[in-house]
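Here's the structure we're looking at; comments come further down.
Values in this text are rule-based calculations from the coordinates and carry no lab data. This one's a predicted model, so the numbers in the text were calculated from it and none came from an experiment. Cβ: placed from backbone, ideal geometry, glycine included. Neighbour counts: every protein chain shown.
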Amino acid sequence: MLTVFTSDRFADHLMPPGHPERVERAEVMQVVAAEFRRRGGMVIEPRAATDEELARVHDREYLRMIRETAGRATALDPDTFTSPDSYEVARLAAGAALAGVDHVLNAGSGGRALAMIRPPGHHAERNRAMGFCLFNTIAVAAAHARARGLSKVAIVDYDVHHGNGTQWAFYDDPAVLFISSHQYPFYPGTGAAGDIGRAAGAGFTVNFPIEAGATDADFDRIYGVTAGILRRFRPEIILLSAGFDAHTNDPLGGMRVTTPQFARLTALIAAVADECCRGRLVAVTEGGYDLAALAGSLRAAVDVLDASTPTDLPAPAGDTRRAEATLAAVRPHLAKFWTI
């Protein structure tokens, strides 16, 4: 049921010493992919995205600027760097997400895909690299799904950071529903409760800004509401920005989500995909900077997406006051669009 798209070339994107988006993250992904292959899973080498596919989301001048980093190391901002191979690796990362979309659309009922990639993508804006991201892979994938004729695409982002680039790519577009849960206030500073889209897209951006320290129970509460919104929207495909830096052990985030809860969050989204869009679900890796937590969370997501783990995982118990505060902040802005 699950097909993984990844490449050992993702280790060729090199960062300065001490950078959290280090090459060992790619090595973790290759270990998890190899385990999946050994148990009979399909692992496919992706193709690179074309300029035409990237230009659905990024300005041509920006693509030229990133292309000119090929063959050298550059600093694009204080956090975001390239190495000689980064341009080609980032194109391959976007291509993996595109291949995932093509796979699930061509597979008929029940197709699921996981693009296990780096660098991450959800912070990259139309003409700006930031937050370790060069190309916005999930936005490129959503634009590709639209180009293939789908009229309703949903993007869910459970990375600890707000996916600002993804939000702005579709902020006035009612065909793409973007739902993000994220630590707030936190980098990059976007994703407030009142960021709901504009013009025809009003209501189709749904942000859940959550106070640091949120637990499994808080996230479960938020994703129960998320599932209800997705069911009402009834997308034809769901794309998941699968960042694992809300993990309790992550060095960048301040959340307390455990590995089993990432399995449950993925399962909740997969269940909606099964109900609303014939199982069409493409997950794309984003953040996750503790290597052990990344490995465990990836394995948990793979097991859910491959149906090795049941989707009716038990709900966590505990206080949900942070989630309730988030919902109270969101409700005045979105109540006329969705049940919050």
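Taking the stretch 214-239 as the search range and keeping residues that are among the small types (Gly, Ala, Ser) and closer than 17 Å to residue 328 by Cβ, which one is surrounded by the fewest Cβ atoms within 10 Å (Cβ to Cβ)?
224
Check the stretch 130-139 and report whether any residue there is surrounded by fewer than 24 Cβ atoms within 10 Å (Cβ to Cβ), in contact with an Asp or Glu (Cβ under 6 Å, 6 or more places away or on another chain) and either more than 29 Å from residue 290 (Cα to Cα) or not aromatic (Phe, Trp, Tyr) (or both).
Of the residues in the stretch 130-139, the ones surrounded by fewer than 24 Cβ atoms within 10 Å (Cβ to Cβ) are 130.
Then drop every residue that is not in contact with an Asp or Glu (Cβ under 6 Å, 6 or more places away or on another chain), which leaves 130.
Among the residues that remain, those that are also either more than 29 Å from residue 290 (Cα to Cα) or not aromatic (Phe, Trp, Tyr) (or both) are: 130.
Within the stretch 130-139, one or more residues are surrounded by fewer than 24 Cβ atoms within 10 Å (Cβ to Cβ), in contact with an Asp or Glu (Cβ under 6 Å, 6 or more places away or on another chain) and either more than 29 Å from residue 290 (Cα to Cα) or not aromatic (Phe, Trp, Tyr) (or both).
Does the stretch 63-72 include one or more residues that are part of a strand (DSSP E or B) and either over 18 Å from the mean Cα position of the chain (by Cα) or closer than 23 Å to residue 281 by Cβ (or both)? Lay out the reasoning, then the answer.
Narrowing the stretch 63-72 to residues part of a strand (DSSP E or B): none.
No, the stretch 63-72 contains no residue that is part of a strand (DSSP E or B) and either over 18 Å from the mean Cα position of the chain (by Cα) or closer than 23 Å to residue 281 by Cβ (or both).
Let's see how each residue does on (1) under 23 Å from residue 141 (Cα atoms); (2) of a type in the set (Ser, Thr, Tyr); (3) in contact with a helix residue (DSSP H, G or I) (Cβ under 9 Å, 6 or more places away or on another chain); (4) part of a helix (DSSP H, G or I):
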| residue | (1), (2), (3), (4) |
| --- | --- |
| 4 | yes, no, yes, no |
| 29 | yes, no, yes, yes |
| 37 | no, no, no, yes |
| 43 | yes, no, yes, no |
| 46 | yes, no, yes, no |
| 56 | yes, no, yes, no |
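How about the stretch 250-262: which of its residues are among the aliphatic types (A, V, I, L, M) and crowded, with 22+ Cβ neighbours inside 10 Å?
255, 257
For the stretch 159-188, what are the residues that are among the polar types (S, T, N, Q) and farther than 15 Å from residue 125 by Cα?
So the first thing to find is which residues in the stretch 159-188 are among the polar types (S, T, N, Q), and the list is 164, 166-167, 180-181, 183.
Scanning the stretch 159-188 gives 180, 181, 183.
Would you pick out the residues in the stretch 38-52 that are closer than 19 Å to residue 307 by Cβ and either of a type outside the set (A, V, I, L, M, F, W, C) or more than 22 Å from the chain's Cα centre (by Cα) (or both)?
Result: 38, 39, 40, 41.
Scan the stretch 77-125 for residues that are hydrophobic (A, V, I, L, M, F, W, C), part of a loop (DSSP other than H, G, I, E, B) and touching a His at 6+ places or on another chain (Cβ under 9 Å) and report the count.
The total comes to 1.
Pull up the stretch 6-23, narrow it to residues that are in contact (Cβ under 8 Å) with a residue 24 or more places away in the chain and in contact with a helix residue (DSSP H, G or I) (Cβ under 7 Å, 6 or more places away or on another chain), then point me to the one that is nearest to residue 278 (Cα to Cα).
If we take residues in the stretch 6-23 being in contact (Cβ under 8 Å) with a residue 24 or more places away in the chain and in contact with a helix residue (DSSP H, G or I) (Cβ under 7 Å, 6 or more places away or on another chain), then 6 is nearest to residue 278 (Cα to Cα).
Kindly check whether there is at least one residue in the stretch 80-91 that is in contact (Cβ under 8 Å) with a residue 60 or more places away in the chain, over 30 Å from residue 231 (Cβ atoms) and of a type in the set (Asp, Glu).
Within the stretch 80-91, one or more residues are in contact (Cβ under 8 Å) with a residue 60 or more places away in the chain, over 30 Å from residue 231 (Cβ atoms) and of a type in the set (Asp, Glu).
What single numbered condition from (1) surrounded by 20 or more Cβ atoms within 10 Å (Cβ to Cβ); (2) more than 19 Å from the chain's Cα centre (by Cα) fails to hold for residue 98?
Just one mismatch for residue 98, condition (2).
Give the residues of the stretch 168-184 that are of a type in the set (S, T, N, Q) and buried (at least 24 other Cβ atoms within 10 Å of the Cβ), sorted by residue number. Before the answer, list the steps.
Let us first name the residues in the stretch 168-184 that are of a type in the set (S, T, N, Q), namely 180-181, 183.
Hits for the stretch 168-184 are 180, 181.
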